[in-house]
Amino acid sequence: MNVNKKKDMPRNETKAVPAGSMLKDNAIARKRDIILKVIIVVFGFMLYANTLGHGYALDDTVTIWKNEFTQRGFDGIGDILSYDTMAGMFGKDMDEVAGGRYRPLSVVMFAIELELFGKKTEAPDYTGDIVAAPFVGHFFNVLYYCLLLLLLYSVLKKLFRNHQPRYWFLSIPFLTVMLFAAHPLHTEVVANIKSRDEIMAFLFVLLAMDCAIRFLDVRKLWQRILLLVAIFVCIFLGSMSKETTVAFVFLIPLTLYFFFSPKLSDYFKVTIPAFLGALLYVIIRGNVIANQFGGEADLLLNNPFLNMTGGERYATVTYTLLLYLKLLVFPHPLTWDYYPYQIPTMHWTDWQVILSLLLHLGMIVVAIVYLMPKRKSVYSYAIFFYGATLILPSNLLFNVGAFMAERFLFMPSFGFCLAIAYTFAKVLPEKFPEKEIMLRNVTVAVLGIVAVAFFVKTVTRNMDWKDSTTLFTHDVHVSVNSIKGNSSYASDLYTQSEGAEKKAAKCHGADSLAYIAQRDSIMRTAIPYFERALEFDSLNSESLVRIGNIYYKLDNDYRTMFKYYKQALHSNPLNRDVWNNTVGVLTYNINDPEYEKTIWWDYARLSPDYYEAYYQLGEIYYSANPKQNDSVVYYMSKAYSLNTSKFEIPFHLGMAYGNLNDFAKAKEYLLKADALKEDAEVKKFLGIIYGTEGNPAEAYKYFSKSAQLNPDDPIVQQYAAQSKMEAGM
């Protein structure tokens, strides 16, 4: 079944071919080859032409418009290469996502595009202007995809160089590329700018494979050295695009084994530079990301296997492998979101898990049986390719943070497309040579229908990727049980409501009221989706904070808001939105000290190591009439034990101790406050304390400084003059 194995021809059957006829055949072959290449490029462009007008969607947030490094253009490239890919959004001191993300090549490309073509435009979340060039990003994604298709066709022609199709338009390379081009699973890769990392990784590994094949054909030393260097560079750049490239350290020699008969030394010669390219990437990655593989995250959205047993985990992984096979054959419905619990927790007794296990064991058996030299088969190669490129993101070896994703099938789908094309272009015609015409018609009909169906599905699916709002709105009805899908859609609605609120603030009268009504309508739409997400993950802090805000903004229902806020503090005791919003609402919008105390007492129990609740309780008792100085001291002391840098805490402690006639303690804390901030009141009371201690010179020092800071205070002026006189100055 090795298509490149030539059959010996008996001597008496060898015929001389006229030179003129050979030249004519070569010219026809070149012309046909050009036609097929044009078809591939035009077909690839037509598939994704309707993405050119799209905006940013999904993870474009992380890599482009909210990425500080990318937004700086050329100036940000150094940081892109020096930090985790997510650091540009979350900060250089971010806590690493489990395993880290270091895929700088595509992000560098985005930075260059913004430098050359970017323009100031309003951010999708209405938070201000960003540098944006979505058309350019989508254009280059489509361009690189078309280049990838051409390169794939070129490599396949080399692999099947001895394949003589009965019909030139039904060759293995052409059919494989057309199926690969049209497969709707690739929409997430091409239609989402961020996923250029997948395209570039595949481009570079194909270039490396092409160089390895050329290495077998050339004999000049300098040419061979250049090709080996090129393999090293391509594998390194591919790895800098995405880690899955390292699989080709194994796949390149495997490809040579299946399709050629290289010398043993040639295997080593092409594998060593590939290995070194991958090794260089791993070394750089290790210097950038301290924890190469990370630990198990303790949040469900970063660890879908949280709370699963080992058996449940691997049963669920086995089930997702079945879903991958299903999507290859029948890519519908498609969604960006396979987060918990769109994929349910599975068990080894579930029939889907058993079926998946049997199918994959069968594939492994076929791959091994037809790996042997005398039985080498393209099917075995296709299975090895599929498995080697899927194993890293499959969760079999380690947790990648998501159950599955359609983009994970980008490279592996080549193995599937190759097996289908090989069946129709090689296996069936050789098995049924007497039915040549019928098989041609069946091949054209079946693959034509599949291509048209895939084309239509791809083009329509592209429209869902117009922007995040469109994507979330569509896919929330596909991934109905997903925490992330429901919370992402609800959060996007929340962002839209904030945009309407900002527009209302810029208008007056009826226009402002119309925007407020629009805001309220959007918020009410978001509530059930937030609630749906919270059914699955009751500690999703972002959803809890935002649904709380909605109840407050819609109906001034601060009691419900605080109920959700307290729930958010269970999972994130230092949630900045909760603390800042609570301070604002209780300080400016609510005048109910007893209710405020209950809130801060609850917060103190939920976040005992954070100073804010104790400080706010101290403030309430300090502002009471009459002041409750013992309570002020109690709570402010707790606050000071947790935060010694907030001026107000030692100031109020000093004042409370002064009211309790403990002037030694009062002076101690007022001096601490004075060290934090130049304040007229602090210096005034320090002057009073020194005056009562019989130290008029020190009292004058503080009174005079207080008078300089607040020259409109006549009492300080009087105290300063009196202490100066008593000191004999």
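The values are calculated or read from the model by the stated rules, or taken from the named source; none is laboratory data. Keep in mind that what you see is a predicted model, and the values were worked out from it rather than measured. Ideal geometry is used to build each Cβ from the backbone, glycine not excepted, and the neighbour counts take in all protein chains shown. The area values use the complete protein model at the heavy-atom level, side chains included, leaving out ligands, DNA and RNA. Shrake-Rupley method; radii C 1.70, N 1.55, O 1.52, S 1.80 Å.
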query: If you scan region 62-81, which residues turn out to be touching a residue at least 40 places away in the same chain (Cβ under 8 Å) and open to solvent by less than 60 Å² (accessible area, probe 1.4 Å)?
result: V62, T63, I64, W65, N67, F69, T70, Q71, G73
query: Could you say which residue among T335, T320 is surrounded by 17 or more Cβ atoms within 10 Å (Cβ to Cβ), touching a Ser or Thr at 6+ places or on another chain (Cβ under 7 Å) and among the polar types (S, T, N, Q)?
result: T335
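Here's the yes/no breakdown for (1) in a helix (DSSP H, G or I); (2) under 28 Å from the mean Cα position of the chain (by Cα); (3) under 19 Å from P412 (Cα atoms); (4) of a type in the set (S, T, Y):
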| site | (1), (2), (3), (4) |
| --- | --- |
| R214 | yes, no, no, no |
| Q223 | yes, no, no, no |
| T245 | yes, yes, yes, yes |
| F258 | yes, no, yes, no |
Tabulated pairs, region 576-596, first acidic (D, E), second part of a helix (DSSP H, G or I) and surrounded by 11 or more Cβ atoms within 10 Å (Cβ to Cβ), C-beta under 7 angstrom, 6+ apart or interchain: D577/V545; E596/L586; E596/I620
query: Does region 355-373 contain at least one residue that is under 32 Å from the mean Cα position of the chain (by Cα), open to solvent by less than 30 Å² (accessible area, probe 1.4 Å) and not aromatic (F, W, Y)?
result: yes
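Just to be sure before I move on: is E648 in contact (Cβ under 8 Å) with a residue 12 or more places away in the chain, under 24 Å from D630 (Cβ atoms) and open to solvent by 30 Å² or more (accessible area, probe 1.4 Å) in the structure I sent?
Criteria met by E648.
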task: Working only within region 294-331, note down all residues that are farther than 29 Å from S543 by Cβ, in a loop (DSSP other than H, G, I, E, B) and of a type outside the set (F, W, Y).
output: P331
statement: Scanning region 40-61 residue by residue, those surrounded by 19 or more Cβ atoms within 10 Å (Cβ to Cβ), modelled with pLDDT of 95 or more and among the hydrophobic types (A, V, I, L, M, F, W, C) turn out to be I40, L47, A57
query: Just checking, which of E726, E681 is more than 26 Å from N629 (Cα to Cα) and not hydroxyl-bearing (S, T, Y)?
result: E726
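Under the condition of being open to solvent by 30 Å² or more (accessible area, probe 1.4 Å), part of a helix (DSSP H, G or I) and over 22 Å from G485 (Cβ atoms), which residue from region 561-576 is modelled with the lowest pLDDT?
H570
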field: Test set (1) open to solvent by 20 Å² or more (accessible area, probe 1.4 Å); (2) within 27 Å of V452 (Cα to Cα); (3) among the aromatic types (F, W, Y); (4) modelled with pLDDT of 95 or more - F202 fails condition number
entry: (1)
statement: In region 625-655, anything in a loop (DSSP other than H, G, I, E, B) and either farther than 19 Å from K683 by Cβ or touching a strand residue (DSSP E or B) at 6+ places or on another chain (Cβ under 9 Å) (or both) is listed as N625, P626, K627, Q628, N643, T644, S645
- prompt: among the β-branched types (V, I, T), under 24 Å from D197 (Cβ atoms) and part of a helix (DSSP H, G or I): does that describe I272?
  reply: no
query: So which residues in region 291-316 are of a type in the set (A, V, I, L, M, F, W, C) and either at pLDDT 80 or above or touching a Lys or Arg at 6+ places or on another chain (Cβ under 7 Å) (or both), if there are any at all?
result: L300, L301, F305, L306, M308, A315
- request: Scan region 383-423 residue by residue and report those that are within 14 Å of I172 (Cβ to Cβ) and modelled with pLDDT under 95.
  value: none
- line: Of the residues in region 449-507, those that are within 30 Å of F45 (Cβ to Cβ), open to solvent by less than 20 Å² (accessible area, probe 1.4 Å), outside any loop (DSSP other than H, G, I, E, B) and not hydroxyl-bearing (S, T, Y) come to R461, N462, L471, D475
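Pick out the one residue from F416, F410, F432 that is open to solvent by less than 20 Å² (accessible area, probe 1.4 Å) and out of contact with any strand residue (DSSP E or B) (no Cβ under 6 Å at 6 or more places or on another chain). Break it down into steps so the answer makes sense when it comes.
Working: F416 fails: open to solvent by less than 20 Å² (accessible area, probe 1.4 Å); F432 fails: open to solvent by less than 20 Å² (accessible area, probe 1.4 Å).
Exactly one residue qualifies, and that residue is F410.
Determine whether L105 is under 30 Å from D217 (Cα atoms) and crowded, with 18+ Cβ neighbours inside 10 Å.
No.
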